[in-house]
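Some notes on the structure that comes next.
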Amino acid sequence: MSPLQIITGESATGPVLRIVGDLDHHTAPELRDLLPTIALRPGRRLVLDLAAMHFCDSSGITALLAARNHAQTAGAGLALAAVPANTRRILRIVGLDQVFTLHEDVAAATRPDVP
C-alpha cells in the first residue's frame with residue numbers, strides 16, 4: 001500500500017488536485033473529506049491530476065464520483081488528467097469514461113478553451 005498525498009494547486013481554469021499514491025478503501029476518505037474545502041465557482045473546472053496515482057479500487061472510483069458531484073453542485077466542471085492505463089480501462093469497462101472528461105495531461109485539462 002502506498003500512502004496517499006493530495007497536493008492542491010490552482011490553474012487558470014480552477015483548482016488542480018494532484019493525487020499521489022493509492023486511492024483505495026483506506027485512503028479514499030481523505031479525498032472525500034477534502035472536497036468540501038475546495039471552493040468552486042460556476043463555470044470553473046476542478047482537475048484531478050492522476051499521473052502519480054499508483055492504484056485505484058472501487059472506493060477510489062467512488063471518491064472520483066464524489067468529486068464530480070461536488071463540481072456539479074457548484075455549477076463547475078470536472079476533468080481527470082493523466083489517468084493511468086489500468087484505471088482508464090476500469091472506467092471504460094464500467095462506462096464511466098462516458099461520465100468523466102478525460103485528458104492526456106494537466107496542460108490539456110486546464111486549457112481555458114477546452115471543456
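Read the figures in this text as sums done on the coordinates, not as results from a lab. The shown structure was predicted, so the numbers you read here are calculated from the model rather than taken from an experiment. We place every Cβ from the backbone using ideal geometry, glycine too, and count neighbours over all the protein chains shown.
Being within 15 Å of Q72 (Cα to Cα) and assigned to a strand (DSSP E or B) is a property that does not hold for P42. Against the condition touching a strand residue (DSSP E or B) at 6+ places or on another chain (Cβ under 9 Å) and closer than 21 Å to H26 by Cα, how does A51 come out, does it pass? Taking the combined requirement at face value, the residue satisfies it.
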